[in-house]
Amino acid sequence: MNEPKELNSTVEIHISGEKIEAREGETIASALWEAGMGKSIQIGCGGGVCGACVVSLRFKDGRPGGTDLACMRLVEEGMEIFPFPIESIPPIEPVTDPTSDKLRQVFPTLDRCTKCGSCTTACPMSIPVMDSVLRMQKDELLEVAEDFNTCIHCGLCRVVCEDRVKPHNMGIWVRRSLGKSQEFDQLEKQIESSNEVENKDWDYLLEGDSEERLLRAKVFRKEGSRP
Ligand code: SF4
Ligand code: SF4
Ligand code: FES
């Protein structure tokens with residue numbers, strides 16, 4: 001049987017070669033803050049959403065190193081951490097009715113993919129990045145938009161790609177282009193008609209004297225509609 005772990009037991013980690021002590025069970029970001037080294041990584045949301053805090057990692061037991069989010073990843077004994085600031089690149093304007101060919105025009109990098117799989121391995125959100133690049137080549141853009149639904153724009157898939165394919169920039173371009181192509185007429189009509197109903201309800205609740213209004217409000221709350 002495993003011995004119960006001591007509360008507040010510590011582990012030793014290394015940040016860019018500098019040794020610090022961290023509490024077992026805390027995140028890398030928290031350990032750095034505690035050690036007064038918060039400025040050694042970038043932090044945004046602090047909750048795995050924004051992708052600002054990317055780091056690369058090496059492990060003491062020889063497991064293959066990898067990439068992760070410092071605000072989510074827990075420390076472990078002997079972990080070596082290297083901050084990994086990702087330079088953003090200017091966004092490329094989306095188009096309506098996107099296709100693979102339109103994507104190629106703005107991202108000629110699309111066909112450079114050598115299917116090495118590094119982008120998929122690096123993605124902290126478990127997005128099948130390489131498969132999605134192949135879908136982009138085959139014009140399966142609705143599926144691509146789904147793939148990148150949970151992308152937090154950390155940029156790791158771009159940084160690890162030796163062929164500079166820029167997978168997530170393309171994925172986001174696809175999502176924005178499909179969004180730009182949506183028909184909003186129907187949606188606007190629905191909003192207009194729901195506003196009409198809502199206005200009638202307000203008129204009903206607010207007209208008459210205060211006794212009458214109170215009575216109507218009670219009925220409305222109970223029934224959920226006007227009698
Ligand atoms: S890292 Fe680059 S080359 Fe490798 S699979 Fe991903 S997109 Fe293709
Ligand atoms: S797809 Fe790329 S940018 Fe998006 S979360 Fe994964 S690694 Fe980060
Ligand atoms: S700080 Fe936003 S994902 Fe880590």
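Can you flag which of Lys138/Lys180; Lys39/Lys180; Lys189/Lys222; Lys60/Lys115; Lys60/Lys138 are past 31 Å Cα-Cα? From Lys138/Lys180; Lys39/Lys180; Lys189/Lys222; Lys60/Lys115; Lys60/Lys138, over 31 Å: Lys39/Lys180; Lys60/Lys138. With a simple spin-label model that places each label point 7 Å from the Cα along the Cα-to-Cβ direction, the separation between Cys50 and Glu211 comes to 5.8 nm.
Using only alpha carbons, the chain has a radius of gyration to Kirkwood radius ratio (Rg to Rh) of 1.20. Placing R0 at 30 angstrom, the Cβ-Cβ distance between Ser193 and Arg221 gives a FRET efficiency of 0.80 after rounding to 0.05. Taking a point 7 Å from the Cα of Thr114 along the Cα-to-Cβ direction, the residues of the stretch 136-175 with backbone N closer than 12 Å to it are 161-165.
Placing pseudo-labels 7 Å out from each Cα toward the beta carbon at Ala35 and Val95 gives an inter-label distance of 4.8 nm. A simple spin-label model places pseudo-atoms 7 Å from Cα toward Cβ; at Glu76 and Lys60 they are separated by 1.1 nm.
Each residue of the stretch 38-51 was assigned a 3J(HN,Hα) from its phi angle through the Karplus expression (A = 6.51, B = -1.76, C = 1.60, θ = phi - 60°), giving x, 6, 7, 10, 8, 9, x, 6, x, x, x, 10, 9, x Hz with x at Gly and Pro. For the chain, DSSP calls about 90 percent of its internal beta bridges antiparallel.
Read the figures in this text as sums done on the coordinates, not as results from a lab. In this text, all values refer to a predicted model and were calculated from it rather than measured experimentally. Heads up, the Cβs are rebuilt from the backbone with ideal geometry, glycines too, and the neighbour counts pull from every protein chain shown.
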